[in-house]
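Here the structure is laid out as structure tokens; the discussion comes afterwards.
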Amino acid sequence: MAKAKRALMLGLDAMVPNTLERFLGEGILPNFARLLERGAHTRIRPCIPAQTPSNWDTLATGATPGTHGVVQWGSHLPGEPVWEYHREEAFNAGLCRAEYLWEAAARTGVRSVVVNYAGYPPTTDAATHIDWLFQPSRSYFDLAPATVHHNCPELNTTDPVALRPAIGWRHLPQSNRPPLEADIDVVPSTEGQTLRYHLLAIAAAGDYDTVLVCGSKDASAPVATLQVGEWSDWVRTPFEMADAGAIEGAFRLKLLELSPDGTRLRLYRSDAFATDGRFCSDPALGRRMVEGLGPYIHAVSSCGLHCRGWLDFETVDQVMAEEAEWWASAAQMAMDATDARLLVLHWHTLDAMGHSFVQAIDPTGGAYDPAKAEAAWEIVRGYYRAADRFVGAFVQRFDDGDTAFAIVSDHGMPANKKAVSLLNVFRERGWVALSADGQDVDWSRSKVFFAQNHLWLSVDGRDEGGIVPQAEYAALRAEVMAAMRDIKDPETGEHALAFVLAREDAPMVGMWGDYIGDLVYCYSRGCRWSGPEVLRMGEERVVFPCGGGNHGPMIPTYETDVTSVMGGLVLAGAGVRPGAELPRLEQFKICTTDVAPTLAHLLGLEPPAQSEGRVLHEFLDGADTAWPARTLTPTARALVRRPPVTPRPIQLQGDVTDET
């Protein structure tokens, strides 16, 4: 029997549980706090690897990576060259072998809405998809990503401009100083025609204070007239692209900086998106969204600009606020239009922020600087406030007493302490071949290939282009395994890899099937992977200090005082028992496999066919999850042990059943 008429799974990538708890304690997350008045919060353990594709597929299917097959950032298919693992298709439904929750819902006629998630191209007409999760740092459907056009020498970006005296303009406006011009190019995301706009900087009231952006050198028809801090209206313009064809796109501009002397300029341009609704699997519904809500908004690439120091937080926060309203309103439109009962959504911004800023807030990180910590905490607070606002936009529209909410992350984000170079271990043993210039690896001539948490031997007769004779497979694999297990941090003496398992032993960590590596491994607490970039860095050490934040390399239970690889889960609303709480260490039993069957249970549906998770009854109304009362009553008999006539030789301790 259904406990909820609707269920919303709002996926906040890399929402860190102890960071969330810290900010709840500070009282800065009012929407989370209101949900928790009627719900519960717990850590949630990612499956290995604690990576975005693997665990969002797990959250949607209830299946471990060994079952759904996305065991890394992509999936290696048997027989292919070992270095092929379809990285660019990591979120494609064709790599996920397990049934999605929305497919399970469709079996009983229940419709769903899926926003910016894996599992495309759509596999059922009963699910309406809005955007696809492609490269998490941008939208699948952008015509041009967000950028900052500038002439600031300290910014190393893709879109520098040069301000110069304006020449050849018509209808120049009055300016107290000589007008300046620059070319503003909108470069499409894929092969296509670059759009050129012309910027004119003028001094309307003294010094330089105004820019006009025009389609030609005619100042009488600007598409935008801006002073510092001002936004343009939507600029709608035709794009011509190889994959999208001829299509109208829309973007906005904001003038970030114009120095009074005209020597500095920064102009933000948002992502450009098509206005014909193609970002929605029902383009007619997508067009109604554009008509009612304005062009599509996706903030994560703008977040990336902020994290690289090119964009101020105020601007990215404005984009995130508009995104929250657009996504929540679009989800409501889609659910109302299709009578959907399930919403599954992914929002990547906390992950994009975390990779850049966790190193500055976690004292265990290799790049931690206490003098910069509080400024970094303020940035992290800003993004968690944005996440709270995002959740609030959905709660405002959907919290009718009959809706269940699951706010969940696929993993957390700890700071890195050390980087580990398997390449430096392997090249000195002759297991990898370098390119002619020594700056990269020639995998076609290498005996091994490794990526993330997997290593393959390139085996003749098994893998296309394989070079290791099958007769040498077992011995070489054992040698590689031993070398990996021997890697230690020279400063601490600690092992850099938490475990290294042969593929036949990997089921104990949720890995099986013919698409996993010949070896499966996880890095130790605070250690991250590296690749051929060490050759270009000139780094010859095997273990060396590093900064940044990562989650995929490490064991999924690693936590520090302020960060964690563990994800977070908030359950609230219909069918959820308010105030349900687990001790911290007991929270580690909650897994990303458990969310899909729990939501299916709340909706009165069967779980996805390959689900291996369980229903989280301890957080639900009406479930008797009390521990049974137990008292130890001594029952052991005082047996008389009789020695044999001839004493037995002393043996090693065995199983209890051996000790008779």
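Given R₀ = 51 Å, what would the calculated FRET efficiency be for A284 paired with E378, taking r from the Cβ atoms and rounding to 0.05?
Details: r = 44 Å, r/R0 = 0.86.
Between A284 and E378 the formula returns 0.70.
When the accessible area of the chain is computed with all protein chains present and a 1.4 Å probe, what percentage of it is carbon and sulfur?
Values: 13750 of 27070 Å².
Ligands and nucleic acids excluded, carbon and sulfur give 51 percent.
In region 545-653, what chymotrypsin sites (Phe, Trp or Tyr not before Pro) fall in a loop by DSSP, with at most 12 other Cβ atoms inside 10 Å? Don't skip to the end; give the middle numbers.
On the way: sites: Y558, F588, F619; in loops: Y558.
Sites meeting the loop and neighbour criteria: none at all.
How much area per residue is accessible in the chain when the probe is 1.4 Å and only protein heavy atoms are counted (Å²)?
Details: 27070 Å² over 660 residues.
Result: 41 Å² per residue.
Once you list every other residue whose beta carbon is under 14 Å from the beta carbon of P507, what net charge do they have if Lys and Arg are +1 and Asp and Glu are -1?
On the way: positive: R503; negative: E504, D505, D514, E612.
Value of the local net charge: -3.
What ranking do 510-523, 375-388, 162-175 get when scored by the average of other Cβ atoms within 10 Å per residue, highest first? Numbers along the way, then the final one.
Values: 510-523: 22.0, 375-388: 19.2, 162-175: 12.6.
The packing order, highest mean first, is 510-523, 375-388, 162-175.
Add +1 for every Lys or Arg and -1 for every Asp or Glu among the other residues with Cβ under 10 Å from the Cβ of D440, and state the total.
Working: positive: R536; negative: D437, D442, E533.
Overall, the nearby charge balance is -2.
Helix 370-398 against the longest principal axis of the chain: what's the angle in degrees, Cα atoms only, rounded to the nearest 10?
90 degrees
Starting from the Cα of K217, draw a straight line to each of the aspartates and glutamates and keep only those under 12 Å, dropping any in the same chain fewer than 8 residues away.
Output for K217: E181, D183.
Order of 207-216, 302-311 by packing, highest average Cβ count within 10 Å first?
Values: 207-216: 19.2, 302-311: 21.5.
So the order, starting with the most tightly packed, is 302-311, 207-216.
Let me know the charge dipole size of region 509-577 about its Cα centre in debye, to the nearest 20, where only the beta-carbon of Lys, Arg (+1) and Asp, Glu (-1) is charged.
Details: 5 positive and 7 negative charges, 48 e Å.
Using Cβ point charges on Lys, Arg, Asp and Glu, region 509-577 gives about 220 debye.
Can you list, bin by bin at 10 Å, the percent of alpha carbon pairs in region 505-629, starting at 0?
Per 10 Å bin, starting at 0, the Cα pair percentages come out as 9, 29, 29, 20, 9, 3, 0.
Projecting each Cα onto the charge dipole of the chain (Lys/Arg +1, Asp/Glu -1 at the beta carbon, about the Cα centre), which of G382, A106, Q651 comes out farthest on the positive side?
So the residue we want is Q651.
Let's test this: bin the Cα-Cα distances of region 253-399 at 5 Å from zero up to the farthest pair and state each bin's percent.
2, 8, 16, 17, 16, 14, 11, 7, 5, 3, 1, 0
Set Lys and Arg Cβ to +1 and Asp and Glu Cβ to -1, take the dipole of the chain about its Cα centre, and tell me which of F273, T492, P81 lies farthest positive.
Of the options given, the answer is T492.
Provide the convex hull volume over Cα atoms per residue for region 27-143, in Å³. Before the final figure, lay out each step's value.
Numbers: hull volume 18.9 nm³, N = 117.
Cα-based convex hull of region 27-143, divided per residue, equals 162 Å³.
Report which label in [x] -0.39, -1.34; [y] -0.38, -1.48; [z] -0.49, -1.32 holds the value of log10 I(q)/I(0) by the Debye sum over Cα atoms at q = 0.06, 0.12 Å⁻¹ derived from the coordinates of this structure.
So the structure-derived entry is [x].
Cα axis of helix 313-338 to longest principal axis of the chain: angle in degrees, 0 to 90, nearest 10?
70 degrees
How large is the charge dipole for the chain, taken about the Cα centre, if only the Cβ atoms of Lys, Arg (+1) and Asp, Glu (-1) carry charge, to the nearest 20 debye?
Working: 58 positive and 85 negative charges, 266 e Å.
Roughly 1280 debye, rounded to the nearest 20.
Hey, could you pull the Cα Rg and Dmax for region 339-494, both in Å?
Rg then Dmax for region 339-494, in Å: 23.4, 65.
Along the positive direction of the dipole of the chain (beta-carbon charges: Lys, Arg +1; Asp, Glu -1; about the Cα centre), which of P556, C214, M413 reaches farthest?
Most positive-ward Cα: P556.
Just for the chain, what percent of DSSP beta bridges are antiparallel, to the closest 5?
On the way: 73 of 102 bridges.
Antiparallel: roughly 70 percent of the beta bridges in the chain.
Mind checking which lysines have their C-alpha under 19 Å from K372, skipping anything on the same chain fewer than 8 residues away?
K417
Exactly which GluC sites (Glu not before Pro) in region 141-221 are in a DSSP loop and have at most 14 other Cβ atoms within 10 Å?
Values: sites: E154, E181, E191; in loops: E154, E191.
The qualifying sites are E154, E191.
Using a 10 Å cut-off on Cβ atoms, rank the peptides 445-457, 562-574 from the highest mean neighbour count down. All intermediate terms of the calculation are to be shown ahead of the outcome.
Numbers: 445-457: 22.8, 562-574: 25.1.
Highest-to-lowest ranking by the protection proxy: 562-574, 445-457.
Quick one: putting +1 on the C-beta of Lys and Arg, -1 on the C-beta of Asp and Glu, what dipole do you get for region 157-253 around its Cα centre, in Debye to the nearest 20?
Roughly 340 debye for region 157-253.
Please work out the Cα center distance from region 445-492 to region 413-429, rounded to the nearest Å.
15 Å
Which loop GluC sites (Glu not before Pro) in region 597-660, with loop taken from DSSP, have no more than 12 other Cβ atoms within 10 angstrom of their Cβ? Before the final figure, lay out the partial values.
Values: sites: E612, E618, E659; in loops: E612, E659.
Those satisfying the criteria are E659.
How large is the helix-only mean residue ellipticity at 222 nm for the chain, computed as the sum of -39500 (n - 2.57) over DSSP H runs with n ≥ 4, divided by its residue count, in deg cm²/dmol to the nearest 500?
Details: 14 runs with 157 residues, N = 660.
After summing the helix terms and dividing by the residues of the chain, the value is -7000 deg cm²/dmol.
Once the Cα atoms of helix 349-361 and of the chain are each reduced to a long axis, what angle between those two axes, in degrees from 0 to 90 to the nearest 10, is obtained?
Between the helix axis and the principal axis of the chain, the angle is about 70 degrees.
Over the Cα atoms of region 577-660, Rg to Rh with Kirkwood Rh, two decimal places? List each step's numbers first, then the result.
Numbers: Rg = 23.4 Å, Rh = 18.2 Å.
Value, to two decimals: 1.29.
The values are calculated or read from the model by the stated rules, or taken from the named source; none is laboratory data. Note that the coordinates shown come from a computational prediction; the quantities given were computed from them, not determined experimentally. When we count neighbours, we look across all protein chains shown, and the Cβ atoms used for this are built from the backbone with ideal geometry, even at glycine. Protein only, heavy atoms only, side chains kept; ligands, DNA and RNA dropped before computing areas. Shrake-Rupley method; radii C 1.70, N 1.55, O 1.52, S 1.80 Å.
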